[in-house]
1. Heavy atoms only, probe 1.4 Å: what % of the accessible area of the stretch 237-285 goes to carbon and sulfur, would you let me know?
2. For the chain, what does the accessible surface come to per residue with a 1.4 Å probe? Please give it in Å².
3. Let me check against my output: what whole-number percent is the relative contact order of the chain, with C-alpha pairs under 8 Å and at least 6 apart?
4. Please state the relative contact order of the stretch 6-140 as a whole percent: Cα pairs under 8 Å, 6+ residues apart?
5. What number, rounded to the nearest 500 deg cm²/dmol, is the helix-based mean residue ellipticity at 222 nm of the chain, given -39500 (n - 2.57) per DSSP H run of at least four residues and division by all its residues?
6. Calculate I(q)/I(0) for the stretch 92-195 by the Debye formula, one identical point scatterer on each C-alpha and no solvent, and give its log10 at q = 0.15, 0.18, 0.19, 0.23 Å⁻¹ to two decimals.
7. Can you put 137, 125 in order of accessible area, largest first, using a 1.4 Å probe?
8. Only loop residues by DSSP count here, and only those with at most 14 other Cβ atoms within 10 Å; note down the GluC sites (Glu not before Pro) in the stretch 265-322 that meet that.
Amino acid sequence: MSSPTRPALALRCHGGLTAQQCVEQAVAAEDAGFSTVWFAENPFGRGAWPGAAACAVATRRVRIGLGVLNPHQRHPTLMAMEIAAFDELSEGRAVLGIGAGIPSRIKKTHAPVDRPIAAVRDAVTITRALLHGETVTYTGKAFSVDGVRLDFTPRRGNVPILTAAMGAQALRLCGEIADGVIISNLVPPAFTRRAVAIIHEAATRMNRHAPHEIVQYVPGAVRDDGAEARRIAKRSVAAMLTAYAQTASAATRAAMSEYGRPEDFARAMSRLTRGEAPEDAIDDRLLAEYAIAGTPEECLAQAAVYAEAGVPELAIAPIGERPADDIARLGTAIK
């Protein structure tokens, strides 16, 4: 459950987890009162569908979100087929996220990635029309279809479709056509506040209601000992920041480094590059820009910062060897 001062808490599962691990975390998340279980899918990791399907069978109430799929590896017609069938399996709990994918990885498949905004626009347009039961003929700049219709009637024509967006163009596209946005890991709340404003402005220009689903991904370490949680989080965040600096899109790198505490960020990255320990290079204030970490009460207080930035749903990727325990700790604190 969300409140005026705290976003609803969700779970983010990544491609490093087996389907069995996803189920353990999803069951814990449902028991804790979390809103959604999100499945991130990046090229060459585990595909999201096995874990998502297993979790749909193992749970009854929590939403199951695919966040995100990219049309370069799944044509929009395949997205529509799969999400419609998955919505049947989950009994109307499916949510679809669509993004252009990680360019540095997609390029390795020789897929054309030179029109990412067009690719997402085409994918949302085609997928939504097919879910509505339409026969679709559409000519896009990246993807097209000719007289396509699903051979079965989807359970819901209004499955929520969110887009992943970081750059200004992608954020405006979200405001124009999507039901919401998924914002990446490792970006400060100050960036999210700006992103929400861009989305709302774009929706206003199109004379449509602003997308109501703003989902922020964030790493989280929840322990009874807050200092221990912050030590664990700093090690994980340091590794992620270093990796993102090399592989993330230019928009994500800019969001990561230019908002929040840019001077402290630059200083910390320099120290990490020199081989300093994460606990020394990253102070607690900088850590709070990229993760929630501490006791359950401290983590809930940090989550409130995202509510102030316009986020109604905060999707936490647990850090550590016993993620179900972290989820349970938060569940106890919010009940």
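The values are calculated or read from the model by the stated rules, or taken from the named source; none is laboratory data. The structure displayed is predicted, hence computed values, not measured ones. Don't worry about glycine lacking a Cβ; one is built from the backbone with ideal geometry, like all the others, and counts go over all protein chains shown. For the accessible areas, the whole protein counts, side chains as well, though only heavy atoms, and no ligand, DNA or RNA atoms are used. Shrake-Rupley method; radii C 1.70, N 1.55, O 1.52, S 1.80 Å.
1. Percent of accessible area from carbon and sulfur atoms in the stretch 237-285: 49.
2. For the chain, the per-residue accessible area is 43 Å².
3. Rounded, it is 20 percent for the chain.
4. Computed over the stretch 6-140, the figure is 21 percent.
5. Theoretical 222 nm ellipticity from helices: -14500 deg cm²/dmol.
6. Reported log10 I(q)/I(0), two decimals: -0.70, -0.96, -1.04, -1.28.
7. I get 137, 125, largest accessible area first.
8. Of the GluC sites (Glu not before Pro), the ones in loops of the stretch 265-322 whose Cβ has at most 14 other Cβ atoms within 10 Å are 276, 321.
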